[in-house]
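**Q** Dropping the structure in here first, questions after.
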Amino acid sequence: DDIETRWQAYWDAHETFRQPGPGDPGFDAAKPGFYALDMFPYPSGAGLHVGHPEGYTATDIVARYKRMRGFNVLHPMGWDAFGLPAEQYAIKTGTHPRVTTDANITTFRRQLKRLGFSYDWAREVDTTDPDYVLWTQWIFLKLYERGLAYESFAPVNWCPALGAVLSNEEVVDGRSEIGGHPVEQRPMRQWMLRITAYADRLLDGLDDLDWPASVKEMQRNWIGRSVGAEVDFRLVGHAEATLRVFTTRPDTLFGATYAVLAPEHPLVATVTTPEQAAAVEGYVAATVRKTERDRMEDRSKTGVWTGAHAVNPVSGEKLPVWIADYVLAGYGTGAIMAVPAHDARDFEFATAFGLPIREVVAGGKTDADGALIEPYTGDGLHVNSDASGRAVPGIAEAGVSLNGLDTAAAKTAVLAYLESNGAGRAQTTTKLRDWLFSRQRYWGEPIPVVHPAAGGAPRPLPASALPVLLPEVESYAPAGTGESPLAAIPEWVEAVDPETGEAVLRETNTMPQWAGSCWYYLRFIDPTNTGAPVDPEKERYWMPVDLYVGGAEHAVLHLLYARFWHKVLFDAGVVSTDEPFRKLVNQGMILGEVEYTAFRYAADEPFGYVSAEHAAESDEEDVAYTDTRDGAELVAVRVPESDVEKRGDGFVLREHPNVRVTSRAHKMSKSRGNVVNPDDIVAEYGADSLRLYEMFMGPLEQV
RNA sequence: GCCGGCGUGGUGGAAUUGGUCAGACACAGCAGACUUAAAAUCUGCCGGGGUACGCCCUGUACGGGUUCGAGUCCCGUCGCCGGCACCA
């Protein structure tokens, strides 16, 4: 009907944007390659959002430019099509996720083509396609072979509302990232991936990447490497047990005045004295009852003495051993030496419980009486003596002296002493935990493992048995017991080991949605290969990805997981590069139209707007506000732009100039009703207008 | 609180990476032309102050500094954005 659709039809018919690779007919080996990649979308039922074309247009511009500059350009598109929405729709309606997914993909493909992107559609991939699932499972077997996939029975993040287990990355503030439901800890059998084995490489590899500083920083924080030492304390009266702590400041060992175990620490039961047993048990019970959210909200220091003493390995001094929930069971060794003079948390705790505070590093602030006001946590010179020149107790008995040494030298000296006495060693810790990789869902890749029916260790299926495909089921709802709906299908679960003929039970857990997106950029290079995930020659030509554009929300999830898998594949000789994405650019978010909000009395109160000085600051809807003057209940109401007038820095109601109006653009959402459908824009103004407009209004983010 | 990033016109953003002229290219705005009028189109103006219209002074958040030379480098302050948050 117009020039755009006419040429789009021509491009389709003539495969104008077909890009052969090494070994393909028509490949021009003289040209250099350029790989311009978009984060492929989850094909949701809502169709394409106006946010999608922003990044896609940017890569398309670069792709077209590079083609004209004489590059072979790989510019593909596909579908990250496993995922919760299709499954939840299936639970509600009984429609098979395959049906929903196919319909959504058809819509997305049509919409993207209508926007005129120069994708090579012959390379389209769908993560739910059996040919694709095969290689995702094949990579899992590689992980397993390399000792990087294992079963765990540790407590996991269980979300009762979703009926599912979540990874650490999917839990935010003790609630599920999706839906904000409460999450609790519950022990369950799970599959884990040993991403921690790659922590150092994932951290160090960031240095050379051309990525936004903010994304690199987020990954660094997430991995959270800290360099320090483990120190072993003997326990008085327990020759068999050792209290092992982790510290980043071994140089402050002389300043330790007590030790703390996490309430969940296995030594708690061992060391607690009969006199203290009741208090300790009470405290542990109270801690277990607290949710992660409670712990975060209440930062006041609480704890109980166990009755035990630990021996400082450098001074021989006896330190009381406490339990307190400010020490986290899951980090380091779950136990610390407390140095209140040089750690803010220990200082708070020591102050609250009247424990001694001993300065060993110069630099602290004291009040008129010489008492420490706030802990000095920086580096500095070590002091062995008090103001009158007497050696500080503890240090006096020690075999080492740190007097006059700076922090770095003191660390070295303490470490050398500990190592020679077998009482400690240099140690690095990370916040990164292993990746919880199993989900109790239907719409995901089955984990290709079987369990002998007679009992015994699970074992991987041979590659020849792949793909393991999903069976038809009657109900897609999770069992609620922590088992996937697959567990309810005996015909599928009960199987025969293809190698031994033995009766086995299939693993009923499936992989998380991240699995498919961990390697899709490799499949684009060689989408129909039946012998390997990707042909090595083609991989060497195209990889690494030269430009990767997508939303900043993937800074630590997709981008960390994909780097991990890529490094494993590199070690396995499947790929030739250590990092998959050379340059990363974040696209911004496209917000809805600016909305104007004023405050009114709630329904029962006298009708009318509330003037500026009495209204609350925020403007979230569905929230009750209070009139700052008389305490009456207020509601935020949206007012049309025509009722609003600019006044000074802000806006006021035209009819009531004393009523302040806040103006703000919100994220587009169905509930807010401010969603703009790209189809409508294309129909009215054309694809080029939409593309140009988005490039104009929303620059790609540089940070 | 800690970590990271960023502050250039009404707006999005340029400035060959320390080099001759900051504000390219656009959007918006203002004025003019065309039109009965409007839209579209075309022309001109468009950081601030001054101007005898030739130009002159000043200006890249603010205050210092390094340099022959600073939007760019260093120190400090303020502001904004993002992330983390009892991680020992």
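**Q** Considering only residues that are part of a loop (DSSP other than H, G, I, E, B) and over 30 Å from the mean Cα position of the chain (by Cα), look in region A:25-68 and name the one that is surrounded by the fewest Cβ atoms within 10 Å (Cβ to Cβ).
**A** Applying the filter and picking the extreme gives A:25.
**Q** Ok, one more. Could you tell me whether region A:441-451 includes any residue that is outside any loop (DSSP other than H, G, I, E, B), out of contact with any Ser or Thr (no Cβ under 7 Å at 6 or more places or on another chain), more than 23 Å from residue A:167 (Cα to Cα) and not hydrophobic (A, V, I, L, M, F, W, C)?
**A** For region A:441-451, residues outside any loop (DSSP other than H, G, I, E, B), out of contact with any Ser or Thr (no Cβ under 7 Å at 6 or more places or on another chain), more than 23 Å from residue A:167 (Cα to Cα) and not hydrophobic (A, V, I, L, M, F, W, C): present.
Listed here are the residues, each with its yes/no results for (1) at pLDDT 95 or above; (2) in contact with a helix residue (DSSP H, G or I) (Cβ under 9 Å, 6 or more places away or on another chain); (3) away from RNA strand B (no atom under 16 Å from the Cβ).
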position	(1), (2), (3)
A:422	no, no, yes
A:433	no, yes, no
A:447	yes, yes, yes
A:457	no, no, yes
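**Q** Test residue A:280 against the criterion of being away from RNA strand B (no atom under 11 Å from the Cβ), farther than 23 Å from residue A:184 by Cβ and either in a strand (DSSP E or B) or modelled with pLDDT of 95 or more (or both), and give yes or no.
**A** yes
**Q** Something else about it: Restricting attention to region A:237-257, report how many residues are more than 8 Å from RNA strand B (Cβ to nearest atom), touching a residue at least 40 places away in the same chain (Cβ under 8 Å) and in a strand (DSSP E or B). Working first, answer last.
**A** Of the residues in region A:237-257, the ones more than 8 Å from RNA strand B (Cβ to nearest atom) are A:237-244, A:250-257.
The next check asks that each one be touching a residue at least 40 places away in the same chain (Cβ under 8 Å); those that pass are A:237-238, A:243-244, A:250-257.
After this cut, where a residue has to be in a strand (DSSP E or B) as well, the list is A:238, A:243-244.
The total comes to 3.
**Q** May I pose another question? Looking at residue A:517, is it surrounded by fewer than 14 Cβ atoms within 10 Å (Cβ to Cβ) and not β-branched (Val, Ile, Thr)?
**A** It is false that residue A:517 is surrounded by fewer than 14 Cβ atoms within 10 Å (Cβ to Cβ) and not β-branched (Val, Ile, Thr).
**Q** Residues of region A:129-177 being among the hydroxyl-bearing types (Ser, Thr, Tyr), at pLDDT 80 or above and not in a helix (DSSP H, G or I), which ones?
**A** Selection gives A:150, A:152.
**Q** Identify all residues within region A:313-338 that are assigned to a loop (DSSP other than H, G, I, E, B), buried (at least 20 other Cβ atoms within 10 Å of the Cβ) and either within 14 Å of RNA strand B (Cβ to nearest atom) or modelled with pLDDT of 95 or more (or both); write none if there are none.
**A** The answer is A:325, A:327, A:332, A:333, A:334.
**Q** For region A:125-181, how many residues meet the condition of being of a type in the set (Gly, Ala, Ser), in contact (Cβ under 8 Å) with a residue 24 or more places away in the chain and touching a Pro at 6+ places or on another chain (Cβ under 9 Å)?
**A** 6
**Q** Taking the criterion of being within 13 Å of RNA strand B (Cβ to nearest atom) and surrounded by 21 or more Cβ atoms within 10 Å (Cβ to Cβ), would at least one residue in region A:266-277 satisfy it?
**A** Checked region A:266-277: no residue is within 13 Å of RNA strand B (Cβ to nearest atom) and surrounded by 21 or more Cβ atoms within 10 Å (Cβ to Cβ).
**Q** Return only the number of the condition from (1) within 15 Å of RNA strand B (Cβ to nearest atom); (2) touching a residue at least 60 places away in the same chain (Cβ under 8 Å) that residue A:352 does not satisfy.
**A** (2)
**Q** Which condition number does residue A:287 fail, the rest of (1) more than 12 Å from RNA strand B (Cβ to nearest atom); (2) in a helix (DSSP H, G or I); (3) of a type outside the set (A, V, I, L, M, F, W, C) being met?
**A** (1)
**Q** Can I ask one more? Counting only residues that are under 29 Å from the mean Cα position of the chain (by Cα) and among the aliphatic types (A, V, I, L, M), which one in region A:451-469 is surrounded by the most Cβ atoms within 10 Å (Cβ to Cβ)?
**A** For region A:451-469, the residue satisfying everything is A:468.
For (1) among the charged types (D, E, K, R); (2) within 16 Å of RNA strand B (Cβ to nearest atom); (3) within 30 Å of residue A:7 (Cβ to Cβ); (4) modelled with pLDDT under 75, each residue gets a yes or a no:
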site	(1), (2), (3), (4)
A:655	yes, no, no, no
A:682	no, no, yes, no
A:686	no, yes, yes, no
A:703	no, yes, no, yes
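**Q** I would also like to ask the following. Show the residue pairs that are 6+ apart or on different chains and have beta-carbon atoms under 8 Å apart, the first residue being within region A:203-216 and farther than 12 Å from residue A:554 by Cβ and part of a strand (DSSP E or B), the second being among the aromatic types (Phe, Trp, Tyr) and more than 12 Å from RNA strand B (Cβ to nearest atom).
**A** Correct list of pairs: empty, since none qualify.
**Q** Assess whether residue A:234 counts as being near RNA strand B (Cβ under 9 Å from one of its atoms), touching a strand residue (DSSP E or B) at 6+ places or on another chain (Cβ under 9 Å) and at pLDDT 90 or above.
**A** For residue A:234, the condition - near RNA strand B (Cβ under 9 Å from one of its atoms), touching a strand residue (DSSP E or B) at 6+ places or on another chain (Cβ under 9 Å) and at pLDDT 90 or above - is not met.
**Q** Working carefully through the options A:175, A:186, A:98, A:146, find the one that is crowded, with 16+ Cβ neighbours inside 10 Å and of a type in the set (Lys, Arg).
**A** A:175
**Q** Sticking with this structure for a sec: So which residues in region A:178-202 are assigned to a strand (DSSP E or B) and of a type in the set (S, T, N, Q)?
**A** Within region A:178-202, A:185, A:190 qualify.
The values are calculated or read from the model by the stated rules, or taken from the named source; none is laboratory data. Note that the structure is predicted; figures quoted are calculated from it, not measured. Neighbour counts are summed over all protein chains in view; Cβ atoms, including those assigned to glycine, are modelled from backbone coordinates with ideal geometry.
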